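Input: a single structure, listed below in structure tokens.
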Amino acid sequence: MPTIDAIAALSPDMTAWRRDFHAHPEIGFQEVRTSGIVAEKLEAWGLEVHRGIGRTGVVGVLRGRPGNRSLGLRADMDALPMPELNDFEHRSTHDGAMHACGHDGHTTMLLGAAKYLAETRNFSGTVNFIFQPAEEGLTGAAEMVKDGLFTRFPCDAVYGIHNLPGLPLGTVAVREGTVLAAVDYFSITLHGKSSHGAEPHAGLDPLPGAMQLYAALQSLVSRRVDPHDTAVLSVAQIHAGTSDIVIPETVELRGTIRTLKPATRKRMDDLFHQVVEGTAAAHGLKVTLDYKRSYPPTINTSEEAAAAAQAAIDVVGPELIRGDFPSLTAGEDFSYMLQEAPGAFLLFGQATPEHGNVPVHNGRYDFNDELLPIGASFFARLVERELAGG
């Protein structure tokens, strides 16, 4: 059963919604216009709408025939704080903000499914349409959970999707177990003593310690973690000094650690602290370390992953399902929702020869509007399958 005809007919409207969202991006917890449009559309279609969940989140509740089960469907709404490099008509009108991850498309696909299901109500039970703020590093999902999301809107299972430019349009990657990595961040400041660049012996230069620390951190994955496990440690920023003739007082290193297993996450945490503290001590430096655990790993439950795969087969056919797709080291705060309810997170390919496969978080990225009816049809079929009997 291919893309739903009524949703395919809605494609021009969905494209217009998506491009409007793209032209007016709003970063995390500032999605006032976006969430307002979402709420207004849901209300116009007859859903019960709740605003301000997790600050700027929206939940639309739709009830079908009498039934005891309920599903949650989630889309993220926020943009990234980065400039857009595209020059098409719907490019960002907000300096320093851009929909470079496709959340404009995710929001639109869920709206399309909501409109269709509100018109047909071919299901038994309740659907909670969850429009989440602040996915990009600000843990908006955790804020919604903290705000009573699953207490106020109980869900027997919760589902989310994300576009993936590297996969051909219509390909769906769905697997049980770990889909995306745990995400941790670190900031290390090594404290020395400033001096004239011509007399480094008069101070305590923190740079040699910083360079040795950088090299030591790179060996953690290659030499201290089981090669059958997955871990990534990236130092992404190094800041030191203000002059060519002054030995700096401090050096700061910032970056991220990604792991797929809780045990590997703990091991990297322990090893990281040992190396940082040991290297600083060896160079006589004081150290300030801020180690922040962020998103947990995104882990699909087996029954819900299988249910999602069947719904995807209804839309794209079995030949486009990738059940063997490997776990990725990107992170996703949908993981906080999966800690509260069983569910699954799927990746939908959007690459075509015409559209290309510019990666997310790139200034020339754009969501492929051809994916809109596919994603919306998936959400709708999932509801009709899983809530068929109440």
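If you go through the stretch 326-339, how many residues are more than 17 Å from Phe131 (Cβ to Cβ) and open to solvent by 30 Å² or more (accessible area, probe 1.4 Å)?
The total comes to 6.
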Take the stretch 145-183 and flag every residue that is among the charged types (D, E, K, R) and within 21 Å of Thr107 (Cα to Cα). Asp147
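Can you tell me which residues in the stretch 299-319 are open to solvent by 60 Å² or more (accessible area, probe 1.4 Å), of a type outside the set (Gly, Ala, Ser), part of a helix (DSSP H, G or I) and in contact (Cβ under 8 Å) with a residue 12 or more places away in the chain?
Glu303, Gln310
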Taking the condition of a type outside the set (Val, Ile, Thr) and at pLDDT 95 or above, does Gly137 pass? no
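Take the conditions of a type in the set (Phe, Trp, Tyr), surrounded by 16 or more Cβ atoms within 10 Å (Cβ to Cβ) and either over 17 Å from the mean Cα position of the chain (by Cα) or on the phi > 0 side of the Ramachandran plot (or both) and apply them to Phe379. Does it pass?
yes
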Filter the stretch 140-159 for residues that are among the small types (Gly, Ala, Ser) and either more than 15 Å from Asp78 (Cα to Cα) or modelled with pLDDT under 95 (or both) and give the result. Gly148, Ala157
Could you check Arg254 against (1) surrounded by 15 or more Cβ atoms within 10 Å (Cβ to Cβ); (2) at positive phi and say which number it fails? (2)
Would you confirm, using the coordinates I've provided, whether Arg364 is basic (Lys, Arg), at pLDDT 95 or above and touching a helix residue (DSSP H, G or I) at 6+ places or on another chain (Cβ under 6 Å)? no
Counting only residues that are over 14 Å from Met109 (Cβ atoms) and modelled with pLDDT under 95, which one in the stretch 1-17 is nearest to the chain's Cα centre (by Cα)? Pro2
Kindly provide the set of residues from the stretch 206-244 that are within 15 Å of Arg254 (Cα to Cα) and of a type in the set (Val, Ile, Thr), ordered by number. Val232, Val235, Ile238
Going through the stretch 277-295 one residue at a time, which ones are surrounded by 21 or more Cβ atoms within 10 Å (Cβ to Cβ) and either in contact with a strand residue (DSSP E or B) (Cβ under 7 Å, 6 or more places away or on another chain) or assigned to a strand (DSSP E or B) (or both)? Ala280, Leu285, Tyr295
Among the residues of the stretch 233-246, is there at least one that is under 26 Å from the mean Cα position of the chain (by Cα), over 30 Å from Ile299 (Cβ atoms) and open to solvent by 70 Å² or more (accessible area, probe 1.4 Å)? yes
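The values are calculated or read from the model by the stated rules, or taken from the named source; none is laboratory data. Fair warning: this is a prediction, and the values are worked out from it, not measured in the lab. Note that we place each Cβ from the backbone using ideal geometry, even for glycine, and neighbour counts take in every protein chain shown. Side chains are part of the model used for accessible areas, which takes the heavy atoms of the whole protein and leaves out ligands, DNA and RNA. Shrake-Rupley method; radii C 1.70, N 1.55, O 1.52, S 1.80 Å.
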